[in-house]
Amino acid sequence: MTDFRIVLVGPKFPGNVGAVARSMANFGLRDLVLVNPSCELDDDAFRRAKHGSFILENARIVPTIEEALDDCFLVVGTSGVTTKGESNYTRIPVPIREFAQNCRGYDEKIAFMFGREDIGLLQEELEQCDVLVWVPTNDEFPILNLSHAATIVMYEMYQAEREPKKNLPANREQKERLFRTFDDLMAEVQYPEMRRHGTRVMFRRMMGRSVPTEYEYRTIMGVLGDAVRIIRNGKPWEKNEN
């Protein structure tokens, strides 16, 4: 499978952590990181983990999300709370099956971040994600148990990995270069400073949902790069005419 990391932010119940480890073993995953957990990995956790106990033994516990996401190419947040309004772009998710189809064949590490059992991921934590995914459920009871949600996500990714690979996606360096160029463009057109952060997050989410290939990256980068250069230096064909 693609190199996946499961990140649990502030888990409260050791049994849930153990159940996640068990599912990770089922689907061939090994990389588990806990961010500032509210529980200890006690006997209950290891009982629930069963054959995934070795994953608990090797799990890393870190104090910050930044440490948990270190060296990850794509950060995928999960949330049972979705939005029907396009303006709330931090809550616009992609169904997990659709996302799994789009990103199969990645050669870079992908982190799946799951929030606390009671309140999920905070707004500032969601903003660190490149894309949000969700598991379609009954609208009357949309919130899944942490370990159940994680298991479904892992299952969908596992199934997608068994299908033929799609075109090679843009890599980490290309993605970051695209975001820097977008920032440059906002600066050159004097886009209002107070709106830049939100627009930056929206653009990152849009790219995260689409999972652009290298060809798509080069096309978008060419347009944005040319726009920045023309705004800064003028149109080259007009200079030649002078």
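The values are calculated or read from the model by the stated rules, or taken from the named source; none is laboratory data. It should be emphasised that the depicted structure is a prediction, and the values quoted were computed from it without experimental measurement. Don't worry about glycine lacking a Cβ; one is built from the backbone with ideal geometry, like all the others, and counts go over all protein chains shown.
Is at least one residue of segment 102-121 on the phi < 0 side of the Ramachandran plot, assigned by TED's automatic domain parsing to the domain that holds Ala19 and without any contact (Cβ under 8 Å) to a residue 60 or more places away in the chain?
Within segment 102-121, one or more residues are on the phi < 0 side of the Ramachandran plot, assigned by TED's automatic domain parsing to the domain that holds Ala19 and without any contact (Cβ under 8 Å) to a residue 60 or more places away in the chain.
Residue check: is Leu74 in contact with a Gly (Cβ under 8 Å, 6 or more places away or on another chain) and of a type in the set (A, V, I, L, M)?
In short, yes.
Identify, by number, the condition in (1) touching an Asp or Glu at 6+ places or on another chain (Cβ under 8 Å); (2) modelled with pLDDT under 80 that Glu163 doesn't meet.
It fails just one condition, (1).
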